[in-house]
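Below is one structure, written out as structure tokens, with a few remarks after it.
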Amino acid sequence: MTIAHHLRGPHIALECSLPSEVAAISPFVDKLMLLLRNCSCVPESVSDIEIALREALANAIIHGNHEDRRKHVHVSCRCVPDEVSIAVKDEGSGFDINTVPDPTARENIGSVHGRGILLMKALMDEVRFEEGGVVVHLRKGAGEAPRR
């Protein structure tokens, strides 16, 4: 992890790996959120970031790596004044975002899966899937309206 202080405020960059275990999500997210709160990059949006990150990690662990303990989820986070960006990468085979069922469609309302991506898009300013769906980029800026 790198932390630097500039005239405009702190800059943080970190990279880490998590095991593909659902139990690893909360301890990691709790520590990262404490760091982001202390740096005040986007103070009014830190709860949105937390929820979106939890969803991205759960998707990577459950759907990407299929909870295979031999695989890891890689996270990089960059926090600069007024913006946080996070990339979550799994070691799975990816997916096509265009084939994900609409969770608001009548036939999917009762499904126990399928709302994570919708939630991430509602909470973050930018959500991008790259490398065939293996990487999700989340970005939140201070005072921006979400871009879908």
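Bear in mind that the values in this text are calculations on the coordinates, not laboratory data. Owing to the predicted nature of the structure, the values given are computational and were not obtained by experimental measurement. When we count neighbours, we look across all protein chains shown, and the Cβ atoms used for this are built from the backbone with ideal geometry, even at glycine.
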- Message: Given points 7 Å out from each Cα along the Cα-Cβ axis, report the V22 to V112 separation in nanometres with one decimal.
- Response: 0.8 nm
- Tally Lys and Arg at +1 and Asp and Glu at -1 over the other residues with C-beta under 13 Å from the C-beta of H72: what net charge comes out? -2
- Residues R70 and A122, FRET efficiency given R0 of 41 Å [Cβ-Cβ distance, rounded to 0.05]: 0.80
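Going by average Cβ neighbours within 10 Å, how do the peptides 103-116, 11-24 rank, with the highest at the top? If you can, show how the numbers build up before the last one.
Working: 103-116: 11.1, 11-24: 15.1.
In decreasing order of mean packing, 103-116, 11-24 become 11-24, 103-116.
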- Message: I'd like the Karplus ³J(HN,Hα) series for the stretch 62-77: coefficients 6.51, -1.76, 1.60, θ = phi - 60°, whole numbers in Hz, and an x wherever there's a Gly or Pro.
- Response: 7, 8, x, 9, 6, 6, 6, 5, 7, 9, 10, 10, 9, 10, 10, 9
- Item | Where Cα atoms sit under 20 Å apart: lysine pairs in the chain separated by 8 or more or lying on different chains | 6
- Item | Dipole in debye (nearest 20) - the chain, about Cα centre, beta carbon charges: Lys, Arg +1; Asp, Glu -1 | 180 debye
- Task: Would you work out if the stretch 15-148 is rounded, prolate or oblate? Take a ≥ b ≥ c from the square roots of the eigenvalues of the alpha-carbon gyration tensor; rounded if a/c is under 1.5, else prolate when a/b is larger than b/c, oblate otherwise.
- Result: oblate
- Rounded to the nearest 500, what is the chain's calculated 222 nm mean residue ellipticity when only DSSP H runs of at least 4 contribute -39500 (n - 2.57) each, over all residues? -7500 deg cm²/dmol
